[in-house]
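J.: My structure is below; once you've seen it, I'll send some questions.
Bear in mind these aren't lab numbers, they're just calculated from the coordinates by the rules spelled out. These figures come from a predicted structure and were not determined experimentally. Quick reminder, even Gly has a Cβ in these numbers, built from the backbone with ideal geometry, and neighbours come from all protein chains shown.
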Amino acid sequence: MRARVLIVDDQPANVRVMAEALSDTYEIFFATSGVKALEIAAGSNIDLVLLDVVMPDLDGFEVCRRLKADERTNAIPVIFVTAREEESDETRGFDLGAVDYITKPIRPPIVRARVRMQLDLKHARDLLERLALIDPLTGIANRRRFETALEDEWRRAARHNAWFSLAIVDVDDFKAYNDAYGHTRGDDCLRAVAGQLAVVARRPGDVVARYGGEEFAIVLPETDGEAMHAQMHRLLAAIESLNLGHARSRCADHVTISIGSVSVTASPTGQATDVVEAADRLLYQAKENGRNQVVHRTE
């Protein structure tokens, strides 16, 4: 998919020159006012902004400040495009979070080179950030990503008093599996289990993460108790269908999982960590009751 570049300038002729320089390579959006630029940036998955400094409503400095203050847009690189060459202006722009300056009159080869360089840097940063949130063994989200998603999705659900469901999953007798078959087979087992669990996380906001060792966590916002209970039983069946032999299991002759899951109506007075603790207690009950089962509670 082509990168998306937003060109912001109150002079249509400047917009046209930059668009002609970039349209063969990038998907171009444009705005002739700061207000419109903020609206487009927040709603169009923009990858880079070329921003004029002198504009009649909001100047470029204020637009940049607002972009950097909004969590939806603060990671977008901003390149100022201006005829002003005062050192103080340049310093102010960098202090506000801009990554580069291009001076007018506009020279298309310079615009192309500067845009390409900043988009390459953004791509590298985005890749590093994604890798930092992925469990290297299973390829699903890691504990750090889970904790961030937990708080974000809880706050989002709490604003609307919406359903919020969470589960903690444990591979039954996994230490015995490792002892019997070796760590290579153990790693293969965790990858297979993670692959089945990840099937449930298809919507924006859904997260399946490796929680630690042989434990996994599942966050399913906007999922009520009945739906969550049914989904967790489908997961039990999905793991059974892997048919991974486990001669040392205390509950079956193949790999199984135990699940503690909770569904609550989120509220601003509640805490996401309380839901995690509740799911963890229910997981303990599932294991005490013989493993290979779901213990679910709807509050």
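J.: With θ taken as phi - 60° and the coefficients 6.51, -1.76 and 1.60, list the Karplus ³J(HN,Hα) couplings across segment 274-285 in order, rounded to whole Hz; mark glycine and proline as x.
T.: Each residue's phi maps through the Karplus curve to give 5, 5, 4, 5, 5, 5, 5, 5, 5, 4, 4, 4 Hz.
J.: If R0 is 22 Å, what FRET efficiency do you get for Arg203 and Leu242 from their C-beta distance, rounded to 0.05? Before the final figure, lay out each step's value.
T.: On the way: r = 24 Å, r/R0 = 1.09.
So, using R0 = 22 Å, E works out to roughly 0.40.
J.: Highest first, please rank the peptides 77-84, 268-275, 110-117 by the mean number of other Cβ atoms sitting within 10 Å of their residues.
T.: Highest to lowest by the protection proxy: 77-84, 110-117, 268-275.
J.: Helix 108-132 versus the longest principal axis of the chain: what is the Cα-based angle in degrees, 0 to 90, to the nearest 10?
T.: Result, in degrees: 20.
J.: Sticking with this structure for a sec: Pull up all non-local amide H partners of Ile257: gap of 5 or more, or a different chain, and H-to-H distance under 5 Å with H placed in the peptide plane.
T.: Long-range HN contacts for Ile257: Asp172, Asn292.
J.: Could you give the angle, 0 to 90 degrees to the nearest 10, between helix 34-43's Cα long axis and the longest principal axis of the Cα atoms of the chain?
T.: 20 degrees
J.: Check Phe29: other-chain or 5+ apart residues with amide H under 5 Å from its amide H, H built from backbone geometry?
T.: Counting only residues 5 or more places away or on other chains, the set is Val5, Leu6, Ile7.
J.: Hand me the trypsin sites (Lys or Arg not before Pro) from segment 1-38 located in a DSSP loop with no more than 11 other Cβ atoms within 10 Å, in residue order please.
T.: Passing both the DSSP loop test and the Cβ count: Arg2.
J.: Around Leu220, under 11 Å between beta carbons, what's the net of Lys plus Arg minus Asp minus Glu among the other residues?
T.: Working: positive: Arg202, Arg203; negative: Glu153, Asp206, Glu222, Asp224.
After counting each charged neighbour, the total is -2.
J.: Within the P(r) computed for the chain, what percentage of the Cα pairs occupies the region above 26 Å?
T.: Considering the chain, 56 percent of its Cα-Cα pairs are separated by more than 26 Å.
J.: Search the structure for amide H atoms under 5 Å from the amide H of Arg297, placed 1.01 Å from N in the peptide plane, and list their residues when 5 or more places away or on another chain.
T.: Amide H neighbours of Arg297, under 5 Å, 5+ apart: Ser261, Val262, Ser263.
J.: Could you work out the local net charge near Thr269, counting Lys and Arg as +1, Asp and Glu as -1, over the other residues with Cβ closer than 14 Å to its Cβ?
T.: 0
J.: Mind giving me the nanometre distance, one decimal, between the label points for Leu133 and Glu288, set 7 Å out from Cα along Cα→Cβ?
T.: Rounded to a tenth, the inter-label distance reads 3.6 nm.
J.: Tell me, what HN-Hα J-couplings in whole Hz come from the Karplus equation 6.51 cos²θ - 1.76 cosθ + 1.60 at θ = phi - 60° for each residue of segment 236-253, using x for Gly and Pro?
T.: 3, 5, 5, 5, 4, 5, 5, 6, 8, x, 9, 5, 9, 5, 8, 10, 6, 9
J.: Follow-up question, since we're still on this one. Work out the count of Lys pairs in the chain where the Cα-Cα distance is under 28 Å, with the pair 8 or more places apart or on different chains.
T.: Count of close lysine pairs: 7.
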